[in-house]
Amino acid sequence: MPEGGNPVIGLLGGGQLGRMLCEAANPLGIDVAILDEEKAPAKQAHDTGRHVTGSFKDPDCIRKLATVSDYLSVEIEHVETEVLEDIERNGVQVKRPDGSTAIHRPPIHPSWRTIRLIQDKYLQKEHFRTSGKGIPIADQLPVASDSASLRDVAEKFGFPFMLKARKGSYDGRGNFKVNSEADFEAAIKALGGLSLYAEKWAPFVKELAVMVIRTEDDKGNLRNCVAYPAVETVHEDSICTRVFMPPRDVPEAVCESARNLATQVISTLWGRGVFAVEMFLLEDGSLMVNEVAPRPHNSGHYTIEAVPQMSQFKAQLHAVLDLPVPATLTPRVSSAIMLNILGGATPSAHHKLVQLARSTLDDSMDVYLHLYNKASKPSRKIGHITLTGSSTIQDLQAKAKPFIDLVDEIRL
Ligand code: ATP
Ligand code: MG
Ligand code: MG
């Protein structure tokens with residue numbers, strides 16, 4: 001980190017994750033320069049005049065961002081990595097105040113290697129499977145988008161199976177559940193033209209997620225992987241709608257296994273930062289890795305209020321800048337629920353829920369509303385509510401019922 005003054009982290013992407021990163025950076029005097037479209041949610045939360053307007057997939061814009069940044073990081077994995085690799089190897093040219101030029105090489109965390117690997121969900125999981133660390137994943141196969149290829153998959157995996165886009169997917173938008181041959185045509189219509197792979201259906205009883213802070217020295221030697229508590233994530237139509245900490249009805253030993261597995265997974269990657277490990281919990285108590293995100297994650301939003309000493313956003317700042325991170329991450333509360341506010345059928349469908357969050361004062365449950373100032377569109381993540389309590393997750397869930405009912409109502 002530069003001596004004195006405010007370090008500048010150049011961030012590729014300026015959505016809600018970048019916005020919450022900025023909210024964590026503001027009191028620490030850390031400057032975030034954002035590359036995204038004008039008035040992106042993150043740019044509204046912080047502006048010291050260094051933002052770059054453009055796309056995080058545009059090499060020229062990424063170079064421009066690099067010239068104003070001491071470090072580079074991401075809030076989204078779907079960025080252009082060729083240019084990041086080139087910046088690491090060759091740097092970018094910057095002008096000194098005296099008019100001369102110099103080569104500037106901002107460290108990139110997490111590494112472009114990690115980002116590139118994670119971008120391709122099939123290769124990502126092959127990497128974990130072959131890492132020698134005993135990381136279980138669902139059986140998977142690359143597949144062409146034609147009926148004959150899908151029939152081959154069905155013979156190997158049976159029905160249902162999940163057809164997935166290898167790249168560019170989020171909130172389940174690249175997924176198609178294939179229940180029978182009758183679905184082939186619709187699956188090809190939905191995902192045809194993309195590079196695809198198929199996954200054997202994971203008959204999970206629950207989904208869990210663990211955030212991990214990964215630190216390493218400037219030579220790339222792993223220092224530590226520190227796991228947050230395991231949480232339960234609930235997805236509806238492949239999109240995360242709610243998160244429970246601790247997971248409901250999951251033995252402590254399983255939560256501990258999830259944390260251990262998550263640290264194993266993240267130890268196979270490169271660079272510093274925070275990572276999410278999404279997992280399936282199967283009937284017999286075993287775990288399977290679904291995918292990894294190389295950045296703050298929806299399942300970690302609860303840490304803003306539940307682990308304020310080191311929220312996932314503060315953790316990304318500390319990891320990137322190589323500032324200290326705690327050896328253990330213990331929540332300040334005994335239970336937390338995070339509810340996503342997803343856009344409903346009409347632009348005002350979520351207003352009742354927002355109003356309830358604004359107007360609730362409850363001695364036994366704290367309510368924290370986060371709106372991202374994004375236009376409402378059906379199923380778009382436009383905000384979230386975190387509820388924290390000092391009793392069990394079951395008690396908190398009972399108290400949160402009016403909130404959960406409204407979340408369900410918006411999705412109807
Ligand atoms: P994200 O927004 O988390 O990046 P994504 O678009 O990358 O989502 P996945 O995480 O691959 O999508 O899948 C989304 C959800 O679909 C999972 O959380 C799970 O609920 C379901 N799902 C995915 N793969 C499988 C599988 N093999 N078997 C059963 N369900 C699955
Ligand atoms: Mg994903
Ligand atoms: Mg996912």
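None of the figures in this text is laboratory data; all of them are computed from the coordinates on show. Please read all numbers here as calculations on a predicted model, not as lab measurements. Glycine also receives a Cβ, built like all others from the backbone with ideal geometry; neighbour counts cover every protein chain displayed.
Computed quantities for the displayed model
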read-out	value
Answer residue from the stretch 263-275, given it is within 16 Å of ligand 3 (Cβ to nearest atom) and of a type in the set (A, V, I, L, M) and is farthest from Lys314 (Cα to Cα) among those	Val265
Qualifying positions in the stretch 271-292 - in contact with a helix residue (DSSP H, G or I) (Cβ under 8 Å, 6 or more places away or on another chain) and within 14 Å of ligand 2 (Cβ to nearest atom)	Phe275, Ala276, Val277, Glu278, Met279, Val289, Glu291, Val292
Residue match in the stretch 341-363 (condition: over 29 Å from Phe128 (Cα atoms) and under 17 Å from the mean Cα position of the chain (by Cα))	yes
Failed item in (1) β-branched (Val, Ile, Thr); (2) in contact with a Phe, Trp or Tyr (Cβ under 8 Å, 6 or more places away or on another chain); (3) within 11 Å of ligand 1 (Cβ to nearest atom), with Val265 passing the rest	(3)
Every residue from the stretch 240-278 that is under 20 Å from the mean Cα position of the chain (by Cα), among the β-branched types (Val, Ile, Thr) and within 22 Å of Ala400 (Cβ to Cβ)	Thr241, Val243
Candidates Leu339, Leu412, Leu387, filtered to the one that is more than 27 Å from Leu72 (Cβ to Cβ), free of Cβ contacts under 8 Å to residues at least 60 places away in the same chain and crowded, with 20+ Cβ neighbours inside 10 Å	Leu387
Residue that is nearest to ligand 2 (Cβ to nearest atom), among those in the stretch 94-119 that are touching a residue at least 24 places away in the same chain (Cβ under 8 Å) and more than 15 Å from Gly271 (Cα to Cα)	Gln119
Pick from the stretch 120-172, criterion free of Cβ contacts under 8 Å to residues at least 60 places away in the same chain and aromatic (Phe, Trp, Tyr), ranking: nearest to ligand 3 (Cβ to nearest atom)	Phe161
The stretch 120-132, subset surrounded by 13 or more Cβ atoms within 10 Å (Cβ to Cβ) and outside any helix (DSSP H, G or I), residue nearest to ligand 2 (Cβ to nearest atom)	Asp120
Residue among Glu181, Glu199, Glu185 that alone is within 16 Å of ligand 3 (Cβ to nearest atom), farther than 24 Å from Arg380 by Cα and among the acidic types (Asp, Glu)	Glu199
Residue that is nearest to Pro324 (Cα to Cα), among those in the stretch 219-238 that are touching an Asp or Glu at 6+ places or on another chain (Cβ under 6 Å) and surrounded by fewer than 18 Cβ atoms within 10 Å (Cβ to Cβ)	Arg223
Residues satisfying the stated conditions in the stretch 276-300, i.e. more than 15 Å from ligand 3 (Cβ to nearest atom), touching a residue at least 24 places away in the same chain (Cβ under 8 Å) and not in a strand (DSSP E or B)	Glu283, Gly285, Ser286
Failed item in (1) within 23 Å of Leu117 (Cα to Cα); (2) in a strand (DSSP E or B), with Gln316 passing the rest	(2)
Residues that are within 16 Å of ligand 1 (Cβ to nearest atom) and surrounded by 19 or more Cβ atoms within 10 Å (Cβ to Cβ), drawn from the stretch 188-218	Leu191, Leu196, Tyr197, Ala198, Glu199, Glu207, Leu208, Ala209, Val210, Met211, Val212
Any hit, the stretch 244-264, residues being within 16 Å of ligand 2 (Cβ to nearest atom), crowded, with 21+ Cβ neighbours inside 10 Å, more than 27 Å from Val153 (Cα to Cα) and hydrophobic (A, V, I, L, M, F, W, C)	yes
Strands (runs of 3 or more DSSP E) wholly inside the stretch 65-116 that include at least 2 residues being under 21 Å from Phe313 (Cα atoms)	71-74
Number of the condition not met by Ala227 [criteria: (1) within 19 Å of Val274 (Cβ to Cβ); (2) touching a Gly at 6+ places or on another chain (Cβ under 9 Å)]	(2)
Hey, Asp152 over 22 Å from the mean Cα position of the chain (by Cα) and among the acidic types (Asp, Glu) or not	yes
